[in-house]
1. So if we plug the beta-carbon distance of B:Leu112 and A:Leu50 into 1/(1 + (r/R0)^6) with R0 = 45 Å, what FRET efficiency do we get, rounded to 0.05?
2. Assuming a ≥ b ≥ c are the square roots of the Cα gyration tensor eigenvalues, decide whether region A:108-189 counts as rounded (a/c under 1.5), prolate (otherwise, with a/b larger than b/c) or oblate.
3. If you average the alpha carbon positions of region A:154-180 and of region B:37-112, how far apart do those two centres end up, in angstrom?
4. Report, in debye and to the nearest 20, how large the dipole of the protein assembly as shown comes out about its Cα centre when Lys and Arg carry +1 and Asp and Glu carry -1 on their Cβ.
5. To test your reading of the geometry: what angle, between 0 and 90 degrees and rounded to tens, separates the Cα axis of helix B:112-131 from the longest principal axis of chain B?
6. Fewest to most neighbouring Cβ within 10 Å: what's the order for A:Cys88, B:Cys41?
7. For A:Phe111, B:Phe73, which order do you get if you count the other beta carbons within 10 Å of each Cβ and list the fewest first?
8. Are there GluC sites (Glu not before Pro) in region A:116-189 that DSSP marks as loop and that have at most 11 other Cβ atoms within 10 Å, and which are they?
Amino acid sequence: MPKKRKRFSGTHLALIPVALLAVIIIYLTVAPPPDLTTKTGVQTVEQGGLAPPFTLNKIDGNGLRSERFEFSPASGRVVFMDFLHEWCPHCGNMAPIIERLYSNYGGRVVFISVAGGYQTSPEKTADFIRKHNIRWTVVYDPQLEVFNKYGVRGTPTYFIIGPDGRVLAKLEGEQPYERLAQELERALS
Amino acid sequence: MHTKHALMVVGLLGFAGLALSLYLTVAPNPGFCDITSFVSCDRVLTSPYARLLGIPTSLYGAAWFAATSTAAFLPVERRAVLGFIKGWSVLGLVGVGALVYVELVLINAVCLLCTVAHMLAILVAATTFLFIR
């Protein structure tokens, strides 16, 4: 006697969505993705607070370098720090503005870009540096450790750090040139 | 449209919404979604409102769509399912309203893929109230 084959029933169909949801929830629990938002319990910097020191590898148009860059906030000079991701369109939009800012203030202000490694690679970041002809120091933050230390929630985010290492301004998102220049003038005065 | 067919449509819309919400939860932000500083998935999905109680907001959407789809496909007593889907649709519409408010007023940016998910939720509600008796 031929075996009766089980038919795919409505109950099976109904279980697919909840099963799919359960699989994703388990996946997210076991392997949570790196987070761009501020983590609870991590001390992050705010305006008026001391900028945390850090050490990261430098990166340029040729790729990731073995040379380490050590950032000491109380350097006696004003620092302009730019947090970016190569895939972030707003960072691309801001690149000519930051370049103009560097042309006008590069002699008096230290420029540092911190390029995040979320959903990208050093090679793609090097392409971004070449494409936008970035001439100042760029460091690569593969695990977003410095991003989290500074409480960066999205890119681009800009910090202006005073000569004593205090954060004078934190600006999130695209900014007009005039706003950034005004903040730098204030820091330099 | 017959109720049986309407339930099938609701189930399929729910499944499409579930797939999209899960994509928004686990996949990287697609480049095509960032058109201007206002129409930008990146701005919305990296904003502080992208998480609620530490859980990605899109995962709440995924749960809503999964429950919708499951209820629509479930071969159980019709009246209970219909009542659930109607109530659930109202909850979905309230959620969509809240999310649109957050995007337009608090973030001042719109995420295209999130908008597609909102449209699917609205379509679920519309199909439920127009065709399910």
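Bear in mind that the values in this text are calculations on the coordinates, not laboratory data. Note that the structure is predicted; figures quoted are calculated from it, not measured. A quick note on method: Cβ atoms are made from the backbone with ideal geometry, for glycine too, and the neighbour counts reach across all protein chains shown.
1. Values: r = 40 Å, r/R0 = 0.89.
My answer for the efficiency is 0.65.
2. Numbers: a/c = 1.93, a/b = 1.52, b/c = 1.27.
Verdict is prolate for region A:108-189.
3. Comparing the Cα centres of region A:154-180 and region B:37-112, I get a distance of 34 Å.
4. Working: 29 positive and 22 negative charges, 339 e Å.
Taking the Cα centre of the protein assembly as shown as origin, the dipole is about 1620 debye.
5. That helix lies at roughly 20 degrees to the long axis.
6. Details: A:Cys88 25, B:Cys41 22.
In increasing order of surrounding Cβ atoms, one gets B:Cys41, A:Cys88.
7. Details: A:Phe111 19, B:Phe73 24.
Arranged by neighbour count, lowest to highest, A:Phe111, B:Phe73 become A:Phe111, B:Phe73.
8. Details: sites: A:Glu123, A:Glu145, A:Glu172, A:Glu174, A:Glu178, A:Glu183, A:Glu185; in loops: A:Glu174.
In loop regions of region A:116-189 (DSSP not H, G, I, E or B), there are no sparsely surrounded GluC sites (Glu not before Pro).
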